[in-house]
């Protein structure tokens, strides 16, 4: 969070909630699923992931899934080759599963724009 504050300060931008949120790194957001935030998630998980099955609706369940997405996102963002990953299709499906648990209509909207299946079938 201090990186976001420093970045905004150096550019003379105001420290508003919106500007702070937009500057926070993906790693910050995924760290919110670490064990020391368990009490927080216990209170808000249903509101954030309303469509997640109640039987598995835990911070721990989400932590593993979201960190798997983070790992893929970091590899892609840093231009690492991922063609050799045997589970790309499953990881892609995992992203949509998480989106559906948060907002099913949004996941459907994004899926219509998604080129991943055609890119994957085309090969490296």
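Key figures for this structure:
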| item | result |
| --- | --- |
| Hey, residue 18 on the phi > 0 side of the Ramachandran plot and over 18 Å from the mean Cα position of the chain (by Cα) or not | no |
| Pairs where the first residue, in region 62-83, is under 24 Å from residue 50 (Cα atoms) and the second is at pLDDT 95 or above and part of a loop (DSSP other than H, G, I, E, B), C-beta under 8 Å, 6+ apart | 62/49; 62/52 |
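The values are calculated or read from the model by the stated rules, or taken from the named source; none is laboratory data. Note that this is a predicted model, so its numbers are computed, not measured. Cβ coordinates were reconstructed from backbone atoms using ideal geometry, including for glycine residues, and neighbour counts include every protein chain displayed.
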